[in-house]
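Participant: My structure is below; once you've seen it, I'll send some questions.
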Amino acid sequence: MDQSYDVQLEGMAMQAGHKLITADGKANLNAPTTLAAVDKILSLRKAGYIKTAGTDYYFTVPFSQQKAVFGIGSSSSIGSVEAPKGMKWGTATVPSFANDSVAEPLNGNDNVLFKGASKAQQQGAWAFQKFLLKKQNAAYWAKKSGYVPITKSATQSATYQNYLKANPTFKAAVDASDTAFASTVFAGYGDYRNDLMDTVDSTLTKGTAGKTAFDALQKKTEAILKENKN
């Protein structure tokens, strides 16, 4: 895995039945389903079946060095795999953790318009957004970034379909997009996200038990949600 298992955890928790944060602002960070996913990751890591990338940060480094059988990460990492000559590799969607369910969290950067923007800035931002969403532009962006196209029309375009034929390792991510979901974003999300990363890190570098770490995260997150309510 990459340095952190936060993305995998979010997908596993969703497969087991709960988003980490629901749309109505309920935190499920120490729910039995979440803790089962945390415990599975940590127990497999302790047994030596899973390794997190540590200072390498991304799984692609040990994978390219043939120190791992497979890695779980973003489609944008595919271009960073420097496979030795003769090494054959491919991609697949992440297997189900629970309930025979598949659910992949979406990741990526966001375009943000600040509420204090002038009318001219708002119009410019909207024009730029429309430019990005045009089929050929969205397909071009995906080809250059390694991410999945952000519109179905771009994914289905001849440009991107030809790209997939020439670069089949990107197909699994496209296949996974049908069952993908977005994290719940809320006021205070940045603070929560930092706390989540610190929590994951504490289980990996300090040996903090999963339940202990995520019970504490639950309390912190509930405070953030309450503080930013309305």
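Participant: Would you tally the residues in the range 38-83 being of a type in the set (Gly, Ala, Ser), touching an Asp or Glu at 6+ places or on another chain (Cβ under 9 Å) and more than 27 Å from Gln218 (Cα to Cα)? Break it down into steps so the answer makes sense when it comes.
Facilitator: Filtering the range 38-83 down to residues of a type in the set (Gly, Ala, Ser) leaves 43, 47-48, 53-54, 64, 68, 71, 73-77, 79-80, 83.
With touching an Asp or Glu at 6+ places or on another chain (Cβ under 9 Å) added as a condition, the list becomes 53, 64, 71, 73-74, 77.
From what's left, more than 27 Å from Gln218 (Cα to Cα): 64, 71, 77.
Total satisfying the criteria: 3.
Participant: Right, something else. Can you confirm whether Gln15 is in contact with a Phe, Trp or Tyr (Cβ under 8 Å, 6 or more places away or on another chain) and more than 22 Å from Thr179 (Cα to Cα)?
Facilitator: no
Participant: Okay, next question. Could you grab me the full set of residues in the range 154-174 that are surrounded by 15 or more Cβ atoms within 10 Å (Cβ to Cβ) and not in a helix (DSSP H, G or I)?
Facilitator: Ser157
Participant: Go through (1) more than 24 Å from Ala182 (Cβ to Cβ); (2) modelled with pLDDT of 95 or more for Lys85 and report which single condition fails.
Facilitator: In the conditions (1) more than 24 Å from Ala182 (Cβ to Cβ); (2) modelled with pLDDT of 95 or more, Lys85 misses (2) alone.
Participant: Surrounded by 13 or more Cβ atoms within 10 Å (Cβ to Cβ) and either over 28 Å from Ile72 (Cα atoms) or in the same structural domain as Val81 (by TED's automatic domain parsing) (or both), is that true of Lys135? Walk me through it before giving the result.
Facilitator: On the way: surrounded by 13 or more Cβ atoms within 10 Å (Cβ to Cβ): yes; either over 28 Å from Ile72 (Cα atoms) or in the same structural domain as Val81 (by TED's automatic domain parsing) (or both): yes.
Yes; evaluated as a whole, the condition is true for this residue.
Participant: Name, by its number, the condition in (1) surrounded by fewer than 15 Cβ atoms within 10 Å (Cβ to Cβ); (2) assigned to a helix (DSSP H, G or I) that does not hold for Ala187.
Facilitator: Of the numbered conditions (1) surrounded by fewer than 15 Cβ atoms within 10 Å (Cβ to Cβ); (2) assigned to a helix (DSSP H, G or I), the odd one out for Ala187 is (2).
Participant: Scan the range 1-55 for residues that are surrounded by 18 or more Cβ atoms within 10 Å (Cβ to Cβ) and of a type in the set (Phe, Trp, Tyr) and jot them down.
Facilitator: Within the range 1-55, just Tyr5 meets the criteria.
Participant: What is the number of the single condition among (1) modelled with pLDDT under 95; (2) out of contact with any strand residue (DSSP E or B) (no Cβ under 7 Å at 6 or more places or on another chain) that Asp191 does not meet?
Facilitator: Going through (1) modelled with pLDDT under 95; (2) out of contact with any strand residue (DSSP E or B) (no Cβ under 7 Å at 6 or more places or on another chain) one by one, Asp191 breaks only (1).
Participant: Return a yes/no flag: does the range 96-106 have any residue that is part of a helix (DSSP H, G or I) and within 30 Å of Lys219 (Cβ to Cβ). Write out each step before concluding.
Facilitator: The first filter runs over the range 96-106 and keeps only residues part of a helix (DSSP H, G or I), leaving none.
No, that holds for no residue.
Participant: For the range 5-76, which helices (runs of 4 or more DSSP H) that fit wholly inside it have 2 or more residues that are within 30 Å of Leu225 (Cα to Cα) and in contact (Cβ under 8 Å) with a residue 60 or more places away in the chain?
Facilitator: On the way: elements: 6-16, 32-46, 60-64.
Qualifying helices (runs of 4 or more DSSP H): 6-16, 32-46.
The values are calculated or read from the model by the stated rules, or taken from the named source; none is laboratory data. Since the model is a prediction, treat every value here as computed from it, not as a measurement. Cβ atoms come from the backbone with ideal geometry, glycine included; neighbour counts cover every protein chain shown.
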